[in-house]
Amino acid sequence: MQTLTPDMRAVIETAQLCFAATVTPDGRPSLSPKGSIRVWDDAHLYFVDVASPGTRANLAHTPWLELNVVDQVSRRGYRFAGPAALHLAGSPTYLEALQRAYGGAPPGPAPAAVVVVTVERAAALFSPAYARGDDEASLRALWRERRAALDREFEAHLARMSAARGESRA
């Protein structure tokens with residue numbers, strides 16, 4: 001097992017979004033975003049399966065998972081891989097995971113399962129900008145500005161789409 005470092009934990013807590021790679025029963029890759037990635041303990045990660053029947057089916061067939069977690073502003077993160085266990089509604093792990101993820105407030109639709117991954121491998125991911133000598137502070141400043149510009153562009157797109165459909169945006 002791989003021990004999660006403080007930096008790995010910080011990236012996971014900051015990103016809160018990962019992409020989970022599984023393999024379909026016919027051997028095809030499947031990639032799915034997960035917005036509830038969290039640290040379970042020093043060697044395990046988990047996410048709440050809100051709406052991923054494909055991920056559940058793939059893990060039931062091949063219980064191996066690779067997760068990609070990247071902080072978009074720093075342009076760095078980690079790839080985690082290992083066996084995954086499905087914990088269905090009502091199991092002790094399921095109930096504890098929901099408590100950890102949502103506290104006392106129950107989620108909207110009840111999640112179908114909780115997936116716990118034993119981290120056997122972890123590898124750092126870095127933008128090529130680091131190879132050319134950029135430091136993290138300058139990259140974060142650059143990408144904060146770029147992110148704000150992208151957000152403005154997308155908000156303008158949404159306004160155009162709403163106007164085209166005759167909707168008002170409050």
Review point. What accessible area per residue comes out for the chain, rounded to a whole number of Å², with a 1.4 Å probe?
Key: 57 Å²
Review point. Which value in nm describes the separation of the simple spin-label points at R132 and A85, placed 7 Å from the Cα toward the beta carbon?
Key: 4.6 nm
Point to revise | Net dipole in debye of the chain [+1 Lys, Arg Cβ; -1 Asp, Glu Cβ; about Cα centre; nearest 20] | key: 420 debye
**Study point:** Cα gyration tensor, region 72-166 - rounded (a/c under 1.5), prolate or oblate
**Key:** oblate
Point to revise | Under the Karplus curve 6.51 cos²θ - 1.76 cosθ + 1.60, θ = phi - 60°, whole-Hz ³J(HN,Hα) for region 120-131, x wherever Gly or Pro sits | key: 8, 9, 9, 9, 6, 10, 9, 5, x, 4, 5, 5
Review point. Per residue and in cubic angstrom, what volume does the convex hull of the Cα atoms of region 50-104 have?
Key: 121 Å³
**Study point:** region 21-165, relative contact order [Cα under 8 Å, separation at least 6], %
**Key:** 25 percent
Review point. Region 34-134: which GluC sites (Glu not before Pro) are DSSP loop and have at most 14 other beta-carbon atoms within 10 angstrom?
Key: E120
Check your understanding: So what's the gap between the Cα centers of region 13-45 and region 70-133, to the nearest angstrom?
Key -> 6 Å
Review point. Which residues make up the longest stretch of the chain clear of trypsin sites (Lys or Arg not before Pro) that lie in a DSSP loop with no more than 15 other Cβ atoms within 10 Å, not counting the sites?
Key: 1-131
Practice item. Please report the base-10 log of the normalised intensity I(q)/I(0) for the chain, using a Debye sum with one equal scatterer per alpha carbon and no solvent, at each q in 0.15, 0.18 (1/Å). Key: -0.94, -1.13
Practice item. Just grab the label-to-label distance for T24 and L125, each label 7 Å out from Cα along the Cβ direction, in nm (one decimal). Key: 2.2 nm
Check your understanding: Which of L65, A21, F154 sits farthest toward the positive end of the charge dipole of the chain, with +1 on the Cβ of Lys and Arg and -1 on the Cβ of Asp and Glu?
Key -> F154
Point to revise | Against the rule of thumb 2.2 N^0.38 Å, how large the Cα Rg of region 130-170 comes out | key: 1.79
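The values are calculated or read from the model by the stated rules, or taken from the named source; none is laboratory data. Predicted, not measured: the structure shown is a model, and the values here were computed from it. Positions of Cβ are generated from backbone atoms using ideal geometry, with glycine treated the same way; all protein chains shown enter the neighbour counts. For accessibility, only protein heavy atoms count, side chains too; no ligands or nucleic acids. Shrake-Rupley method; radii C 1.70, N 1.55, O 1.52, S 1.80 Å.
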